[in-house]
1. Determine whether Leu185 is at pLDDT below 95, among the hydrophobic types (A, V, I, L, M, F, W, C) and either over 25 Å from Ala88 (Cβ atoms) or outside any loop (DSSP other than H, G, I, E, B) (or both).
2. Against the conditions (1) surrounded by fewer than 16 Cβ atoms within 10 Å (Cβ to Cβ); (2) at negative phi; (3) part of a loop (DSSP other than H, G, I, E, B), where does Lys118 fall short? Just the number, please.
3. If Arg56 satisfies every condition in (1) buried (at least 18 other Cβ atoms within 10 Å of the Cβ); (2) under 25 Å from the mean Cα position of the chain (by Cα); (3) of a type outside the set (A, V, I, L, M) but one, which is the exception?
4. Restricting to region 2-24, and then to whatever is without any contact (Cβ under 8 Å) to a residue 40 or more places away in the chain and assigned to a strand (DSSP E or B), can you tell me which residue is surrounded by the fewest Cβ atoms within 10 Å (Cβ to Cβ)?
5. Can we say Phe101 is outside any helix (DSSP H, G or I) and buried (at least 19 other Cβ atoms within 10 Å of the Cβ)?
6. Look at region 266-281 and say how many of its residues are basic (Lys, Arg) and more than 18 Å from Leu147 (Cα to Cα).
7. Considering only residues of region 139-159 that are in contact with a strand residue (DSSP E or B) (Cβ under 7 Å, 6 or more places away or on another chain) and under 21 Å from Cys79 (Cα atoms), which is modelled with the highest pLDDT?
8. Do any residues in region 71-82 that are small (Gly, Ala, Ser) have Cβ atoms under 9 Å from those of residues that are buried (at least 19 other Cβ atoms within 10 Å of the Cβ) and assigned to a helix (DSSP H, G or I), where the two are at least six apart or on different chains, and which pairs are they?
Amino acid sequence: MVTTQNLALPKGHKLQGYEIRKVLNTGGFSFVYIAHDKNNKTVAIKEYLPTELALRTDGVNVCVSSPEAAASFRHGLKCFFEEGRALANIEHKNIVRVINFFRANDTVYMVMKYERGKSLQESILKQTEPVSENFVRRVFIELLNGLREVHAQKLLHLDIKPSNIYIRMDGSPVLLDFGSARQTLRENLPKLATSYTPGFAPPEQYNDRTLLGPWSDIYSVGASMYACLARAAPLAANIRIKKDILTPAIKLGKDIYSKNLLEVIDSCMSLDHLKRPQSVFALQKLLVGDSALPQEIELEKSNSLLEKIKTYLAQDIL
């Protein structure tokens, strides 16, 4: 196993007309940079660089760590590139906007619109009480509009979690950092490190890719809503399969959230994928269609945002 630490591109490095300003995020699969384009506009750039397969120890070029890793690296690069190309075809306010992707330094880069705000995880952790039901419904109903478009394009996200749900300055949510390329690479190379987040990944993501579908992302949505209630990640699905000691939302959130919302969360987090809502549209109907909401939710239902969402759902295009 490779233990050498990968180096990020240096500040000031010029990359296809972009100038690297700083590292925003790093992981075992990629680096994400803040950069400026030719017009001095801020963008985010994601670099494909799986540490277990390739290294940058000096300079800027990426070097495959061994001859055995070369084919695997190319396979992952192809998945990453194809994911970027597919995302570039999606223009939706609740999905991170991919504006460019290209090859350089013997790897692939995805350029995304830079969003200002904070993650849902930050919102959860800064509070001493569960996130309000009003906030949860508003954020997730709107976010699901974007996920619905992703699924319509025959894509799965496979890494939905509070840290990948970004809340803009105007309060609107945007879904970041797709994990489908990482999952594809891991399935092809099962010895690689896990590419999912315990607590938010559905059970089928651990061992049986043939069962993945829209319901897999729906599990992660339910787990993210659960985290808003518990202010912590729920018990990991692989542990739940062996012995499910997770406190159901209907019990944990009694007198905090409405019965309707708690039941929706629990149904989304069913270990049996067939017992979850089978589509984003089905989940949206459950979240919007309650007739016995708390007063503050009733007030929210009357505003223009939710009225627009209801109109959108009524189209039943999926």
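The values are calculated or read from the model by the stated rules, or taken from the named source; none is laboratory data. This is a predicted model, so every value here is computed, not measured. Here the Cβ positions follow ideal geometry from the backbone for every residue, glycine too, while neighbour counts run over all protein chains shown.
1. Details: at pLDDT below 95: yes; among the hydrophobic types (A, V, I, L, M, F, W, C): yes; either over 25 Å from Ala88 (Cβ atoms) or outside any loop (DSSP other than H, G, I, E, B) (or both): yes.
Yes.
2. (3)
3. (2)
4. Across region 2-24, the extreme among qualifying residues is Lys22.
5. Criteria met by Phe101.
6. Start the filter on region 266-281 by keeping residues that are basic (Lys, Arg), which leaves 275-276.
Now restrict to residues that are more than 18 Å from Leu147 (Cα to Cα): 275.
Total satisfying the criteria: 1.
7. Here is the first cut: in region 139-159, the residues in contact with a strand residue (DSSP E or B) (Cβ under 7 Å, 6 or more places away or on another chain) are 139, 142-143, 146-147, 149-150, 157.
Checking which are under 21 Å from Cys79 (Cα atoms) leaves us with 147, 149-150, 157.
On the way: Leu147: 95, Glu149: 92, Val150: 91, His157: 90.
The residue in question is Leu147.
8. Close Cβ pairs satisfying both conditions: Ser72/Leu185; Gly76/Ala181; Gly76/Arg182; Gly76/Thr184; Gly76/Leu185.
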